């Protein structure tokens, strides 16, 4: 028995994309989030705590610091890029290899992909789940979440949240799971419910 199995590490580590998305697909503007949603930030923290995070350099720079309680893995093609408290990977494949090792050591059940647009686009074909925060706003912005193929993704949970203190808006939490080829025919109609 390996050390990871003995420590209770999960047999399968899910690849989960996590994003807050406006009605128009915008996830960012000027290297920042286009809204203030303190309640959603608390949800994000709870969802990602104790799990490795994979992000692009611009996403990391928008955070201004590594996120505590999580291994921060930053993808950057710039060989000179370095930042305190993060692991730098030159591409998504290398970042995922590091994240998998970290998840096994921690006994985490998921690797969290947190942006930006290029990292999401590269992860979409291999992701197992998507955790979306749908924000009922249409902000200006140049950074967009990739299109979701509704024949591939099945909505498995939805929860409406009213605006709390420090929130520009209420929001909806939506969980999507990649359909297996067997479930694709059965779940095709249900998967069209993604807003």
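Throughout, read-outs are computed from the coordinates displayed, never taken from laboratory work. Predicted, not measured: the structure shown is a model, and the values here were computed from it. Please note: Cβ atoms are built from the backbone with ideal geometry, for glycine as well, and neighbour counts cover all protein chains shown.
Diagonalising the gyration tensor over the Cα atoms of segment 12-191 and scaling each eigenvalue by 5 before taking the square root yields semi-axes of 24, 21, 16 Å, largest first.
In the frame of its principal axes, segment 86-163 has Cα extents of 37, 30, 28 Å, reported largest first.
Highest mean packing comes first when the peptides 13-22, 153-162 are listed by Cβ atoms within 10 Å, giving 13-22, 153-162. Taking the Cβ-Cβ separation of residue 90 and residue 161 as r and a Förster radius of 35 Å, what is the calculated FRET efficiency to the nearest 0.05? Using R0 = 35 Å, I get an efficiency of 0.40. Segment 33-78 and segment 88-167 have Cα centres separated by 11 Å.
For Cα pairs less than 8 Å apart in space and 6+ apart in sequence, what is the mean separation divided by the residue count of the chain, i.e. the relative contact order in percent? It comes to 30 percent, rounded to a whole number. Between residue 105 and residue 138, the simple spin-label model (points 7 angstrom out along Cα→Cβ) gives 4.7 nm.
The calculated FRET efficiency for the pair residue 12 and residue 77, based on their C-beta separation and a Förster distance of 35 Å, comes to about 0.75.
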